[in-house]
Amino acid sequence: TIGAFIKEGYQRDRSLRSAWEKRVNAAMDLAMQVQEEKNFPWPGCANVAFPLITIAAMQFHARAYPAIVQGPDIVKYRVVSPTDAGGESEMAKRIGTHMSWQLTEQDKSWEEQLDRGLLICSIVGCVFKKSYFSSTLNHNVSELVLAQDLVVDYYARSIDEARRKTHAIPIYKNEVHEKCLRGVYRDVTEDGWYNA
């Protein structure tokens, strides 16, 4: 019952943003210079793709990255109390230094994902980061979530006020099989959709 309710809500949210998905796919094709054969004004006519969007996206990326990553101190805190009687400023600096270390040294993929996210943000318009403690890796992880993979009600006033936030995570058949054997997933290895 819960699964059916979730699936129905996801499909409703996905259908509300179908026009947006078409625009995003067209923007990505334009930026990646995907060329399709033209038949107008005649079959086989010239089809030149000028990399204007790609150049603009790379220029945005080149300016945004150094504005965000300014040396090793990425995370900075500010103390809002009028007095610093309890040493809040020193504690804030230590927390900022530790969190910067977590991002740049402990989470090996943080910088690469930030790099990729900035480039995609300039084309699509937004990207998201999902930060959580990974019990597998035993440290905090900050994962890039593309706008195409985060499904929310298109007409929600903000992400925070959306009734549902669904992160579509594609997984391989081997991963499903492994999780069925470990008991994480219900055993679906005999179901028709799995064997198709």
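The values are calculated or read from the model by the stated rules, or taken from the named source; none is laboratory data. Just so you know, these numbers come straight off a predicted model, no measurement behind them. When we count neighbours, we look across all protein chains shown, and the Cβ atoms used for this are built from the backbone with ideal geometry, even at glycine. Surface areas here come from the heavy atoms of the whole protein model, side chains and all, with no ligands, DNA or RNA. Shrake-Rupley method; radii C 1.70, N 1.55, O 1.52, S 1.80 Å.
Assorted remarks:
- Each residue of segment 115-121 is assigned a 3J(HN,Hα), and the resulting list reads 4, 5, x, 5, 5, 5, 4 Hz, derived from the Karplus form 6.51 cos²θ - 1.76 cosθ + 1.60 (θ = phi - 60°), x at Gly and Pro.
- Of 108/129; 7/129; 108/130, pairs whose Cα-Cα distance is over 18 Å: 7/129
- A DSSP coil position with no more than 16 other Cβ atoms inside 10 Å describes the following chymotrypsin sites (Phe, Trp or Tyr not before Pro) in segment 124-196: 154, 155, 172, 185.
- Placing unit charges on the Cβ atoms of the charged side chains and taking the dipole of the chain about its Cα centre, the candidate lying farthest along the positive direction among 89, 2, 69 is 2.
- Estimated inter-spin distance, residue 67 and residue 89, nm [label 7 Å along Cα→Cβ]: 2.9
- The GluC sites (Glu not before Pro) found in segment 107-196 that occupy coil by DSSP, while having at most 14 further C-beta atoms within 10 Å, are 161, 190.
- Residue by residue, segment 18-23 carries 3J(HN,Hα) couplings of 4, 5, 5, 4, 5, 5 Hz when phi is fed to the Karplus relation 6.51 cos²θ - 1.76 cosθ + 1.60 (θ = phi - 60°); x denotes Gly or Pro.
- Amide H to amide H distances under 5 Å link residue 140 with 134, where only residues 5 or more positions off or on other chains count and H is placed in the peptide plane.
- Most fluctuating residue given options 126, 45, 180, as computed from a GNM of the chain linking Cα atoms under 10 Å: 180
- Ranked order, 63, 12, 164 - accessible area, probe 1.4 Å, largest first: 63, 12, 164
- Apportionment of accessible area to carbon and sulfur, the chain, percent (1.4 Å): 57
- Cα convex hull of segment 119-183 - mean projected area over all directions, nm²: 6.5
- Cα-centred dipole magnitude for the chain, charges only on beta-carbon of K, R (+1) and D, E (-1), debye, nearest 20: 420
- Tail weight of P(r) past 19 Å, computed on alpha-carbon pairs of segment 13-103, percent: 69
- Under 12 Å from residue 22, Cα to Cα: aspartates and glutamates that are on another chain or at least 8 residues apart: none
- Residue-count net charge about residue 179 - beta-carbon cut-off 13 Å; Lys, Arg +1, Asp, Glu -1: 0
- Tail weight of P(r) past 12 Å, computed on alpha-carbon pairs of segment 3-59, percent: 75
- Under 15 Å, Cβ to Cβ, from residue 147 - net charge with Lys/Arg +1 and Asp/Glu -1: +3
- Read-out semi-axes √(5λ) of the Cα gyration tensor in Å, derived from the coordinates shown; its label in (i) 36, 30, 18; (ii) 30, 22, 17; (iii) 27, 21, 19: (i)
- If the segment from residue 8 to residue 133 were pulled out straight at 0.36 nm per residue, it would be longer than the present Cα-Cα gap by 42.1 nm.
- Accessible surface, the chain, averaged per residue in Å² (probe 1.4 Å): 75
- Taking a Cβ cut-off of under 12 Å around residue 14, the surrounding Lys, Arg, Asp and Glu residues balance to a net charge of -1, with basic ones at +1 and acidic ones at -1.
- For residue 185, nonlocal amide neighbours, meaning residues 5 or more places apart or on other chains whose placed amide H falls under 5 Å from its own, are 180.
- Annotation: extensible slack from residue 45 through residue 75 equals 5.5 nm (criterion: 0.36 nm per residue apart, minus Cα-Cα distance).
- For the residues 67, 19, 46, a GNM of the chain with alpha-carbon springs under 10 Å puts the largest fluctuation on 46.
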